[in-house]
Amino acid sequence: MRTAKFVTVALILMAGLLSLPVMMVFSASIGDMPISLTDTTRAITNGLGITHYNLPRVEAGIIWQYRMSRALMAACSGGGLAICGLVLQSLLRNPLAEPYLLGISAGASTGAVVVMLLGVGSSVVSVGGGAFAGACLTFAFILLLSRGMGGNTGRIILAGIAGTQLFNALTSYIVSTAANAEQSRGVMFWLLGSLSGVRWDDAILCSVVIVAGLLVIMRYARTLDTFSFGSEVSATLGTQVTAVRIVLLLITALITAVIVSSIGAVGFVGLVIPHVTRMLAGHRHLVTLPIAFLAGCHFMIIADLISRTLIAHQVLPVGVVTALIGAPAFAFILYQRGAPQR
């Protein structure tokens with residue numbers, strides 16, 4: 001039985017790793033100007049410096065400068081949100097925990113907008129720095145609020161929902177009062193989750209931070225396994241509970257901040273993907289973390305493809321697509337878990 005499960009997990013990982021570059025190339029070939037997979041592949045290998053095919057400059061520029069950077073950002077942000085959701089659900093022992101519901105995304109959005117539109121600290125920190133500060137301050141506020149409400153994980157979720165509404169309202173107020181009509185439209189579209197303005201600098205920064213964060217989290221995989229039995233059990237097994245929580249929460253806040261500062265707030269990825277991953281691979285974090293990352297990558301690439309192709313000559317915010325897919329999927333998972341076993 002264990003051998004069969006090990007083979008299944010290995011096959012899932014292998015399939016995810018091998019199909020990811022194929023998905024990215026396919027995504028880069030789709031758009032208002034359809035480009036063949038052959039020319040897309042050649043443009044990508046040209047951009048990587050591997051080959052020097054003679055391609056039309058416009059097509060090569062669209063593939064390499066716009067679509068490929070967008071595909072990389074979609075993959076990294078989806079994977080990053082998925083591992084953040086998995087870590088938060090394990091730390092808080094609550095299946096509803098994720099950056100969006102806990103207010104981390106909302107706080108990061110507020111911090112980014114404060115820097116972008118009000119210019120607060122713009123000479124010292126970047127938009128990403130403002131998003132990180134907003135994410136950390138928001139989560140600290142939510143923990144304090146939940147402690148005043150009793151401190152259990154259910155109260156943390158309720159405090160997160162309250163914090164989300166508060167910081168969304170603050171963001172809307174800043175945008176309404178400090179931005180002109182054109183800025184307001186651009187910022188509101190970005191807040192719904194937009195990959196339209198992504199370029200290589202954003203994609204590379206996001207990739208480095210998320211992959212580094214994943215590697216650090218992987219070092220705590222066995223520790224996260226013990227949290228599933230409760231913090232008291234984890235402490236008796238020799239885990240420094242407070243220190244581990246601080247490290248992992250800071251990493252999730254950093255990953256969320258980098259993603260939000262680049263593409264805005266995107267929900268349901270960190271909520272649905274961890275549940276799907278556990279259904280496929282069980283609860284061992286040494287296995288579920290890489291699978292959740294790969295599943296998040298694929299999910300976000302598919303969501304981006306839908307956002308660009310659902311309506312002709314119009315791009316939808318990717319956060320709208322993830323919500324349209326994620327909400328029914330999560331409802332189905334809850335129904336399956338709550339259904340009586342025969």
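The values are calculated or read from the model by the stated rules, or taken from the named source; none is laboratory data. None of these values were measured; they are calculated from a predicted model. Because the Cβ atoms are built from the backbone with ideal geometry, glycine has one as well, and the counts that use them run over all protein chains shown. Just the protein is used for accessible areas: all its heavy atoms, side chains included, with ligands, DNA and RNA removed. Shrake-Rupley method; radii C 1.70, N 1.55, O 1.52, S 1.80 Å.
What is the number of the single condition among (1) in contact (Cβ under 8 Å) with a residue 40 or more places away in the chain; (2) in a loop (DSSP other than H, G, I, E, B) that residue 72 does not meet?
The single condition residue 72 does not satisfy is (2).
Might you check whether a residue that is among the acidic types (Asp, Glu), touching a residue at least 24 places away in the same chain (Cβ under 8 Å) and touching a Phe, Trp or Tyr at 6+ places or on another chain (Cβ under 9 Å) occurs anywhere in segment 36-43?
Keep residues of segment 36-43 that are among the acidic types (Asp, Glu), which gives 39.
With the extra rule that they be touching a residue at least 24 places away in the same chain (Cβ under 8 Å), the set shrinks to 39.
Still in the list and also touching a Phe, Trp or Tyr at 6+ places or on another chain (Cβ under 9 Å): 39.
There is at least one residue in segment 36-43 that is among the acidic types (Asp, Glu), touching a residue at least 24 places away in the same chain (Cβ under 8 Å) and touching a Phe, Trp or Tyr at 6+ places or on another chain (Cβ under 9 Å).
State the number of residues belonging to segment 230-246 that are in contact with a helix residue (DSSP H, G or I) (Cβ under 8 Å, 6 or more places away or on another chain) and free of Cβ contacts under 8 Å to residues at least 24 places away in the same chain. Outline the logic, then answer.
In the first step, residues of segment 230-246 are kept if they are in contact with a helix residue (DSSP H, G or I) (Cβ under 8 Å, 6 or more places away or on another chain); the result is 231, 233-235, 237, 239, 241, 244-245.
Those left that are additionally free of Cβ contacts under 8 Å to residues at least 24 places away in the same chain: 231, 233-235, 237, 239, 241.
The qualifying residues number 7.
Matching residues to (1) touching a Ser or Thr at 6+ places or on another chain (Cβ under 9 Å); (2) small (Gly, Ala, Ser); (3) crowded, with 20+ Cβ neighbours inside 10 Å:
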{"site": "8", "(1), (2), (3)": "no, no, no"}
{"site": "13", "(1), (2), (3)": "no, no, no"}
{"site": "17", "(1), (2), (3)": "no, no, no"}
{"site": "30", "(1), (2), (3)": "yes, no, no"}
{"site": "43", "(1), (2), (3)": "no, yes, yes"}
{"site": "60", "(1), (2), (3)": "no, yes, yes"}
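Condition first: surrounded by fewer than 18 Cβ atoms within 10 Å (Cβ to Cβ) and not in a helix (DSSP H, G or I). Now tell me which residues in segment 271-323 satisfy that.
Those that are surrounded by fewer than 18 Cβ atoms within 10 Å (Cβ to Cβ) and not in a helix (DSSP H, G or I): 282, 283, 284, 310, 311, 312, 313, 314, 315.
If the requirement is being at positive phi and either open to solvent by less than 30 Å² (accessible area, probe 1.4 Å) or of a type in the set (Asp, Glu) (or both), which of these qualifies: 238, 264, 213? Write out each step before concluding.
Numbers: 238 fails: either open to solvent by less than 30 Å² (accessible area, probe 1.4 Å) or of a type in the set (Asp, Glu) (or both); 213 fails: at positive phi.
Selected residue: 264, the only one of 238, 264, 213 that is at positive phi and either open to solvent by less than 30 Å² (accessible area, probe 1.4 Å) or of a type in the set (Asp, Glu) (or both).
Can you report the number of residues in segment 62-89 which are among the hydroxyl-bearing types (Ser, Thr, Tyr) and open to solvent by 10 Å² or more (accessible area, probe 1.4 Å)?
1
For segment 99-145, how many residues are surrounded by 24 or more Cβ atoms within 10 Å (Cβ to Cβ) and on the phi > 0 side of the Ramachandran plot?
Counting residues in segment 99-145 that are surrounded by 24 or more Cβ atoms within 10 Å (Cβ to Cβ) and on the phi > 0 side of the Ramachandran plot gives 1.
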